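Following: one structure in structure tokens, then a few remarks.
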Amino acid sequence: MSGGSIKQACEDLRQGKVIAYPTEAVWGLGCDPFQQTAVEKILAIKKRPVEKGLLLVAGNMDQITALTARLDAEQLATLRASWPGPVTWLIPDPDNLYPAWIKGQHSSVAIRVSAHPLVQSLCAEFGGPVVSTSANEAGEPEIRSRLRLMEQFAGSIDCVVDGELGGARSPSTIKDLSSGKTLR
């Protein structure tokens, strides 16, 4: 397992490896969303079916302009009002900018713009959004301690980014941008 700098984590992401990093509330697992093998590794670690899809995290809205290009002014204002912050939005992807192994059985991409400085730095150094899913097996409690993360996943992840969790008590809210409905 490689060291915990953001630079090393981004090198690992570009090589199709899986990283763990602190988010606002829990430890997350991440990879390059465009490398299918890396995504499949995360799905295997989590024991999560590809059909459910995965969330992405960005450092700022500029990193997802291709995805937001077709949104109307009201939808863009809704995103800007909640980001950066703990809201994940399901954003329509009619141009299929993101692969099926990210969206699962859905036509939208689940994405948030993080307010966590470390996550913002990670995405800035990487140059775009990364997969952001809680570091736990599907249905199990989220991991909030680095020690527990290492005990459970040391052999499955390639890099653990040094840093602290943010102050949030629960993972992000998930909302559908088209309907406005809250899903989690």
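The numbers here are math on the coordinates, done by the rules we state, and not lab data. Because the structure is predicted, anything quoted here is derived from the model rather than measured. Please note: Cβ atoms are built from the backbone with ideal geometry, for glycine as well, and neighbour counts cover all protein chains shown.
Here are the numbers for the structure shown:
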| read-out | value |
| --- | --- |
| Set ILE143, ILE174: member being among the aliphatic types (A, V, I, L, M), surrounded by 17 or more Cβ atoms within 10 Å (Cβ to Cβ) and under 17 Å from the mean Cα position of the chain (by Cα) | ILE143 |
| Exclusive hit being under 16 Å from the mean Cα position of the chain (by Cα) and more than 21 Å from ILE64 (Cβ to Cβ), set VAL113, VAL130, VAL160 | VAL160 |
| Leading residue by the ranking (surrounded by the most Cβ atoms within 10 Å (Cβ to Cβ)) among those in the range 25-44 that are farther than 17 Å from ALA9 by Cα and hydrophobic (A, V, I, L, M, F, W, C) | VAL26 |
| Residues of the range 45-70 satisfying the condition of being touching a residue at least 60 places away in the same chain (Cβ under 8 Å), outside any helix (DSSP H, G or I) and buried (at least 17 other Cβ atoms within 10 Å of the Cβ) | ARG48, LEU54, LEU55, LEU56, VAL57, ALA58, GLY59 |
| Selected residue (criterion: farthest from the chain's Cα centre (by Cα)) from residues of the range 1-24 that are surrounded by 19 or more Cβ atoms within 10 Å (Cβ to Cβ) and in a loop (DSSP other than H, G, I, E, B) | LYS17 |
| Any hit, the range 102-115, residues being closer than 23 Å to ALA20 by Cα, basic (Lys, Arg) and in contact with an Asp or Glu (Cβ under 9 Å, 6 or more places away or on another chain) | yes |
